[in-house]
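Note sheet for the following structure.
Read-outs: derived from the displayed coordinates by stated rules, not from any lab. It should be emphasised that the depicted structure is a prediction, and the values quoted were computed from it without experimental measurement. All Cβ positions, even for glycine, are placed from backbone atoms using ideal geometry, and neighbour counts span all protein chains on display.
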Amino acid sequence: MLNVDFRKQLEQFELHMQFQMGKEIVAVVGSSGSGKTTLLNCIAGIMQPDAGGISLHGTDFYKESKKPLKIQKRRVGYLFQDYALFPHLSVEQNILYGTSRNDDITHISELTKILDISMLLSKYPHQISGGEKQRVALARALAAKPDLLLLDEPFSALDDETRSRCQYELLRIHDLWSIPVIFVTHRIDDAQKLAKRCIRIEKGRMTEQLQP
């Protein structure tokens, strides 16, 4: 269970988020600058709230008056909007980047097959398409077997055919891994297709939680 209840002062408003979620897919929608990416960054540990708390399965990520849990210990997979692949590393090296030498990585072979990127492992980011980059970034986010997956506008740069394929692959992985997934999107169609629940944010405030 993910528990989120925090406040974070931004330049133009205070972001206040309060919700719980289990092993489901939740969409976060809202206009640009409403606080959606800040929500993900606070959960991942890239930013810290000003007050409140964030916990996953009873482990405090952030709790007021306590030292925040380090990013590396949060076991959170994060797919950034621009995918953030390292251009000087091969696809395989990008995928393995978040793993350590002692990790069991036998699942990664299955992951690359599910995402249909096995033939890309020796290539570099500039040699693959946008849809392939998205799948590589998703594989990297899942490589360390996270307890939570965060996706920031994962389908925004994809054409319709590639978007549908990547959405299908995400649903398939969620069925197999059964972990909480939060994804930020501007597209109501994405929320309707993927999410069990939709949270709308406007100017830092949750205006509604609803079935998409």
> Going by the alpha-carbon gyration tensor, a ≥ b ≥ c the square roots of its eigenvalues, is segment 157-212 rounded (a/c under 1.5) or, if a/c is not under 1.5, prolate (a/b greater than b/c) versus oblate?
Replying inline: oblate
>> As a quick test, which of the pairs Lys8/Lys70; Lys23/Lys196; Lys113/Lys133; Lys73/Lys193; Lys36/Lys196; Lys8/Lys66 have an alpha carbon distance above 22 angstrom in this structure?
In response: Lys73/Lys193
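Which whole DSSP H helices in the chain pass both tests: a Cα extent of 15 Å or more along the axis and a mean Kyte-Doolittle value no lower than -1.0? Mind dumping the intermediate values first?
Working: long enough: 130-143 (19 Å, -0.12); 160-177 (25 Å, -1.08).
Helices passing the filter in the chain: 130-143.
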> Where does the chain land at 222 nm, in deg cm²/dmol rounded to the nearest 500, when only DSSP H runs of n ≥ 4 count, each adding -39500 (n - 2.57), divided by all residues?
Replying inline: -9000 deg cm²/dmol
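Which shape class, rounded, prolate or oblate, goes with segment 82-131 when its Cα gyration tensor gives a ≥ b ≥ c as root eigenvalues, a/c under 1.5 marks rounded, and past that a/b bigger than b/c marks prolate?
Values: a/c = 2.09, a/b = 1.33, b/c = 1.57.
Oblate is the answer for segment 82-131, as a/c is 1.5 or above yet b/c matches or exceeds a/b.
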>> Let me check against my output: what whole-number percent is the relative contact order of segment 77-130, with C-alpha pairs under 8 Å and at least 6 apart?
In response: 54 percent
> Which whole-number percent is the relative contact order of the chain (Cα, under 8 Å, 6+ apart)?
Replying inline: 31 percent
>> If R₀ is 45 angstrom, what is the calculated FRET efficiency for the pair Gln18 and Thr106, using the beta carbon separation as r and rounding to 0.05?
In response: 0.70
>> Residues of segment 1-27 with the amide nitrogen closer than 13 Å to a label point 7 Å from the Cα of Asp50, along Cα-to-Cβ, please.
In response: 6-17
> What is segment 139-212's relative contact order, in percent, from Cα pairs under 8 angstrom and six or more apart in sequence?
Replying inline: 28 percent
> Is the shape of segment 141-183 rounded, prolate or oblate, going by the alpha carbon gyration tensor and its root eigenvalues a ≥ b ≥ c, with a/c under 1.5 for rounded and a/b larger than b/c for prolate?
Replying inline: prolate
